Amino acid sequence: MLNRFVIVCFWVLAFSFAGPAIAPIAPAAHAQTVGQIVVEGVQRVETETVLSYLQINRGDTFDAERIDESVKALFQTGLFSDVQMFARGSTLVVKVVENPMINSVKFSGNEEIDSDDLAKETELRERMVYTPAKVQSDIERISAVYRRAGYQSVNIQPQLAQLPQNRIDLTFQINEGTETRIDEIRFEGNEAFSDGDLRSVISSAQYAWWKFFSKADKYDADRLEYDKELLRRHYAKNGFADFKVISADALLQPDGKNYVLTFTVEEGPLYRIGDVSVNRGQTPLDEASLQKAVRTNPGEDYDASKVDKSIENITIEAGKSGYAFAKVEPDLQRDPANRVLNIVYNIQEGPRTYVERIDIVGNTRTRDEVIRRELQLYEGDAYNRVLIDRARRRLTALDFFEKIDFREEAGSAPDKVVIYVDLVEKSTGSINFSIGYSTVETIVGGVSVAERNLMGKGQNVKLDTQLSFKRQQVDFSFTEPYFLGMPLSAGVDLFATRSDNQDISSYTSTQAGGALRTGFRLDEWQSLNFKYSFARRNIYDIDSDASLAIRDSEGISYKSMVGTTYVYDDLDNPLKPTKGFRAQLSSDLAGIGGDVYYVSGEASAWYFHPLIDDGIILKLEGNIGHMEGWNNKEVPIQDRFFKGSETFRGFARSGVGPRMLNGASGDVDSIGGQTYALGTVEVTFPVGLPEEFGLEGAVFSDFGTVFNAPEKSIAAGAAGCPGTKRCTVFDTAELRASIGAGVIWQSPFGPLRFDVAYPILKSDYDETEWFRFSVGTRF
């Protein structure tokens with residue numbers, strides 16, 4: 001009996017020690033596996049779609065971590081508002097609640113901004129899955145649109161209307177609030193430039209009643225940041241290298257409607273450039289070539305834009321010599337006491353980095369190839385920031401995008417970089433209606449329809465019509481900027497014109513035809529273009545008192561012509577230049593077919609220079625031209641040079657140049673010349689009114705001559721000269737000149753100009769005109 005008791009105690013004691021070691025093994029040996037997976041709650045989403053996101057499968061053990069990862073993956077799809085996973089015996093149950101499907105998206109309460117415009121900004125559309133995150137994102141987008149329009153207190157609430165089959169109608173309920181404007185823009189700390197000068201630099205503008213087409217007088221916080229950068233560029237361009245914007249504040253007035261913007265600036269000293277040198281470092285680059293690439297010269301005011309241009313030119317020169325990775329760093333050595341700034345351009349061969357990949361994002365309409373051909377940078381190329389900057393300028397010049405951002409991120413290796421091009425597209429189509437009054441053509445109207453990015457291919461198509469009492473014109477043009485995938489533009493023009501020249505030359509004319517164009521850029525500033533045109537012309541309705549030259553021109557002619565044009569242009573602004581030079585040389589040859597034979601050449605040049613600041617601008621302009629008939633033919637009257645009015649102020653339309661007298665009636669007709677030379681000296685300046693009025697004044701002098709008609713005077717009764725008086729040709733090369741003044745208004749309808757001019761030198765037979773009104777600036 002005692003022995004049995006001892007044996008039982010022994011086994012109890014043994015199991016008490018062995019149990020803890022065995023216990024962990026037993027559950028593992030009998031761990032439950034997933035026998036099947038059941039999906040519950042799906043309506044539109046396929047069961048297989050849910051299963052594809054699971055991180056656990058049949059036959060796997062129930063693992064809490066993998067189940068948690070599966071729940072997260074299903075939530076991230078955006079298809080479900082709730083996801084639960086739990087075990088039901090050996091079955092894994094996946095229970096989901098689907099997000100509703102959007103049946104419609106509407107806007108309510110919006111009066112100032114059209115629903116169609118708001119719909120373009122939102123991402124949610126019909127038949128998309130509703131998620132609170134997407135709705136909140138769209139609310140931010142709509143709010144941004146209203147803030148740009150001047151409605152800072154806009155409030156937007158989403159409203160959901162439940163429909164059968166888990167569908168909803170989504171309505172954005174908008175309380176627009178009060179429109180806010182910029183009542184005043186102030187500057188503190190500025191001495192070199194007046195408040196008016198600086199207001200013309202920034203993009204924001206003070207409210208004015210006549211700016212009903214402008215949104216610049218609406219307060220926008222994002223625009224305020226951009227204005228700070230514009231001020232910095234302006235000062236850096238004009239010699240203030242130490243300029244800072246201390247603060248930019250927007251204060252809402254007590255009325256809750258108007259803002260006062262205050263920019264506090266610290267100008268620093270105005271620097272002039274002292275010594276300029278290029279430190280080529282360890283590179284064996286040619287110093288003379290590098291020095292020629294520099295655009296900053298000793299004695300000039302410091303200009304940051306010229307420093308940037310110098311860096312670009314030096315980098316290009318280094319690249320030509322095989323140093324594609326050269327890095328140019330300007331060392332600006334300031335001497336504030338003497339207000340002198342010495343510049344040293346240091347050249348270093350930077351780390352070798354290559355473009356691994358270029359990703360273009362945001363171009364929903366413009367095709368990738370249209371963007372990539374402007375980049376002129378490809379996968380595998382050496383990475384160069386200057387080439388990136390040039391690519392940005394080319395994309396900006398397309399005028400297809402509201403926003404262009406380049407981002408560089410590390411590639412798959414230390415010597416590789418991935419470039420992201422983030423774009424926000426804008427509307428590229430336009431339809432314009434215009435009506436106005438001209439002293440030359442009286443009532444003028446027109447309709448123009450254009451698309452700069454046809455079908456996202458970068459092609460330009462335009463239909464333009466102009467109508468007045470003196471001239472009716474229809475023009476159609478189409479341009480392919482990269483013909484056959486090459487950097488070669490190609491285009492076609494079709495035109496038809498009817499001109500009433502009865503007042504000046506006693507005839508009416510029509511012409512209709514077309515042209516083929518091609519051209520290419522030689523570099524950033526130079527281009528070369530070629531053109532072939534063919535036209536059918538008709539001179540008819542000859543006045544009975546017309547001169548012999550006009551009567552001899554009556555009838556139909558056909559002109560077949562080839563021409564070429566060279567352009568050099570480094571103007572700072574093509575629409576309203578303040579600095580720079582533009583030159584144009586063109587030549588034409590008519591007679592390659594047809595019955596019109598002449599050769600002509602013209603040259604034009606424009607030079608702009610600020611006299612005191614960008615507000616007072618000197619313009620020098622020169623134009624010359626000459627043509628000669630060939631193949632025993634004279635140059636037809638329609639093709640000769642007629643100057644006056646727009647091209648020579650103080651003189652009437654075609655008021656300068658050769659004229660012919662009808663011996664019988666005594667009437668005089670303008671017959672045009674084969675040679676001309678014209679020049680202009682003009683100074684534009686502020687008129688002292690607030691910048692918001694958009695007014696500036698001008699004083700000018702036009703001078704030159706038009707002469708060399710092929711016709712000669714004919715004695716009375718000879719060679720068809722009627723009457724008893726000699727058919728005299730008035731044709732001299734004597735100098736004409738006029739002086740005048742004008743007012744230019746940057747109106748909401750476009751630039752308008754009013755000029756008053758008085759001829760101080762003229763011929764007896766010239767016709768004058770003291771007042772001129774025009775739409776558009778005179779370039």
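The values are calculated or read from the model by the stated rules, or taken from the named source; none is laboratory data. Small disclaimer: the values here were computed from a predicted structure and weren't measured. When we count neighbours, we look across all protein chains shown, and the Cβ atoms used for this are built from the backbone with ideal geometry, even at glycine. Note: accessible area is taken over every heavy atom of the protein model, side chains too, but ligands, DNA and RNA are not part of it. Shrake-Rupley method; radii C 1.70, N 1.55, O 1.52, S 1.80 Å.
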Along the stretch 510-520, Karplus-curve 3J(HN,Hα) (6.51, -1.76, 1.60; θ = phi - 60°) to the nearest Hz, with x for Gly and Pro, reads 10, 8, 8, x, x, 8, 10, 10, 8, x, 7
Taking amide H atoms as placed 1.01 Å from N in the peptide plane, list the residues 5 or more away in sequence, or in a different chain, whose amide H sits under 5 Å from that of residue 216.
none
Going by alpha carbons, how many degrees (0 to 90, nearest 10) lie between the helix axis of 132-148 and the longest principal axis of the chain?
30
C-alpha center-to-center spacing [the stretch 623-675, the stretch 112-182] in angstrom:
63
Enumerate the amide H contacts of residue 459 below 5 Å, restricted to partners 5 or more residues apart or on another chain; note that Pro and chain-start residues carry no placed amide H.
454
Taking only Cα atoms, what is the 0 to 90° angle, nearest 10, from helix 304-320's long axis to the longest principal axis of the chain?
80
Thinking of the stretch 445-525 as a set of Cα atoms, what percent of all their pairs are more than 22 Å apart?
42
Pop out the ³J(HN,Hα) list for the stretch 59-72 in order, Karplus 6.51 cos²θ - 1.76 cosθ + 1.60 with θ = phi - 60°, rounded to Hz; leave Gly and Pro as x.
x, 7, 6, 5, 10, 4, 5, 5, 5, 5, 5, 5, 4, 4
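So, for the stretch 353-417, what is the accessible surface per residue at a probe of 1.4 Å, expressed in square angstrom? If you can, show how the numbers build up before the last one.
Values: 3620 Å² over 65 residues.
Dividing the accessible area of the stretch 353-417 by its residue count gives 56 Å².
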Under Karplus coefficients 6.51, -1.76 and 1.60, residue-wise ³J(HN,Hα) of the stretch 285-297 in Hz, glycine/proline x
6, 6, 5, 5, 5, 5, 5, 5, 6, 6, 9, 9, 10
Among the aspartates and glutamates, which fall within straight-line cross-link reach of residue 106, defined as a Cα-Cα distance under 17 Å, with same-chain neighbours fewer than 8 residues apart omitted?
114, 116, 117, 121, 123, 126, 138, 140, 169, 176
Computed FRET value (nearest 0.05) for residue 471 with residue 646, which takes r as the C-beta separation and R₀ as 22 Å
0.95
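Just to check, using Stokes-Einstein with a Kirkwood Rh over alpha carbon pairs, what's the diffusion coefficient of the chain at 25 °C and 0.890 mPa s in µm²/s?
Values: Rh = 33.5 Å.
Reported coefficient: 73 µm²/s.
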Can you pull out the chymotrypsin sites (Phe, Trp or Tyr not before Pro) in the stretch 192-267 that DSSP calls coil and that have at most 15 other Cβ atoms within 10 Å?
209, 210, 212, 213
Could you work out what % of the accessible surface of the chain is carbon and sulfur, using a 1.4 angstrom probe and leaving DNA, RNA and ligands out of the count?
54
List the lysines whose Cα lies under 25 Å from the Cα of residue 72, skipping any in the same chain that are fewer than 8 positions away.
95, 134
Calculate, in nm to one decimal, what residue 527 and residue 382 gain on full extension: separation in residues at 0.36 nm each, minus their alpha carbon distance.
49.5 nm
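With runs of 4+ DSSP H residues as the only contributors, calculate the mean residue ellipticity of the chain at 222 nm using -39,500 (n - 2.57) per run, divided by the residue total and rounded to the nearest 500.
One gets -5500 deg cm²/dmol as the mean residue ellipticity at 222 nm.
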Given H placed 1.01 Å from N in the peptide plane, which residues other than close sequence neighbours of residue 81 have an amide H under 5 Å from its amide H?
97, 98, 99
Overall Cα dimensions of the stretch 667-746 - principal axes, largest extent first, Å:
65, 22, 16
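How large is the accessible surface per residue of the stretch 120-202, computed with a 1.4 Å probe and reported in Å² as a whole number?
The answer is 53 Å² per residue.
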